[in-house]
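Peer 1: Here it is, the structure in full.
Read-outs: derived from the displayed coordinates by stated rules, not from any lab. Fair warning: this is a prediction, and the values are worked out from it, not measured in the lab. Reconstructed Cβ throughout: ideal geometry from the backbone, glycine too, with neighbour counts over all protein chains shown.
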Amino acid sequence: MNAALGHWLLPQIERLARTQPGKVEALLDAVRHSLPEFHSELVMMALEHGDLDESQAAAALETDPVSLALRLEAYRKAVAEGASMDSVEIDANGVARIEGKHVTVWEVVREYRRTGSVSAMRGAFPGLSEAELRSALHYAGRNPDEIGAQIRAYEEIIARSRAAYPFAK
C-alpha cells in the first residue's frame, strides 16, 4: 500500500466497521473470494498474534483442526524464511523492543538461549505472540553485536550486584 494512503485509509475502514458493518463485511467477503491466499494469511496472522483462537481460525478458513495445524506450520515456515522484523522498534534510547511492548529484544534472546525453543519461551513472555518472539530473534540474528553487547552489559550488572550483596538472592 502506498504510504500516503495508509495513514488515512485504515482509520476510515475502522470507522466504517463501526458505523456500517455490512459494508465492511461485503468488502471482506470480496477479499475472501477473490484473494483466498491473502485471506488465509490474514487469518494465520490473527491466530499468531492471539486475535483468533484455533477454533475461530478453523471456522474462518472453513477447515478442520488438522488442516489448520498444517497451514499454520506452512505459514510459520514462510514467515521464518521471509524473516520479518515488523514487530521490532527502536526506542528513544536506541534499544530494540517488541513494538508497543516493554520487552527488549535482548531479553527475548537471553531467554531463548536459556530455554532453547520459541515454544518454551511463551511461558516467560505470555503477552507476546510467537510471531513477535520470532521477529525479535530474527532482529537479533541480523544485529548480533548490538544484542550481544546489551546482554553482556546486563550480566555485568548482575555480577556486580551479586559481588556486592553475596547473601542476597
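Peer 1: Only Lys, Arg, Asp and Glu count, each charged at its Cβ (+1, +1, -1, -1), so figure out the dipole size of the chain about its Cα centre, rounded to 20 debye.
Peer 2: Numbers: 19 positive and 25 negative charges, 142 e Å.
Value, rounded to 20: 680 debye.
Peer 1: Treating only the Cβ atoms of Lys and Arg (+1) and Asp and Glu (-1) as charged, compute the dipole magnitude of the stretch 103-169 about its Cα centre; round to the nearest 20 debye. Could the numbers behind the result be given before it?
Peer 2: Values: 10 positive and 8 negative charges, 53 e Å.
Dipole about the Cα centre, nearest 20: 260 debye.
Peer 1: Work from the charge dipole of the stretch 83-169 (Cβ charges, +1 for Lys and Arg, -1 for Asp and Glu, about the Cα centre) and give the residue of Met121, Ser161, Gly100 farthest towards its positive end.
Peer 2: Looking along the dipole axis, the top candidate is Ser161.
Peer 1: So how do 37-46, 21-30, 60-69 stack up, highest first, on mean other-Cβ count within 10 Å?
Peer 2: Details: 37-46: 16.3, 21-30: 11.6, 60-69: 13.5.
Ranking, from highest mean packing down: 37-46, 60-69, 21-30.
Peer 1: For helix 3-19, report the angle its Cα long axis makes with the longest principal axis of the Cα atoms of the chain; keep it between 0 and 90° and round to the nearest 10°.
Peer 2: Once rounded, the angle reads 60 degrees.
Peer 1: How high is the relative contact order of the chain, given as a whole-number percent (alpha carbon pairs under 8 Å, six or more residues apart)?
Peer 2: 16
Peer 1: With +1 on the Cβ of every Lys and Arg and -1 on the Cβ of every Asp and Glu, and nothing else charged, how large is the dipole of the stretch 8-103 about its Cα centre, in debye rounded to the nearest 20?
Peer 2: In debye, rounded to 20, the stretch 8-103 gives about 260.
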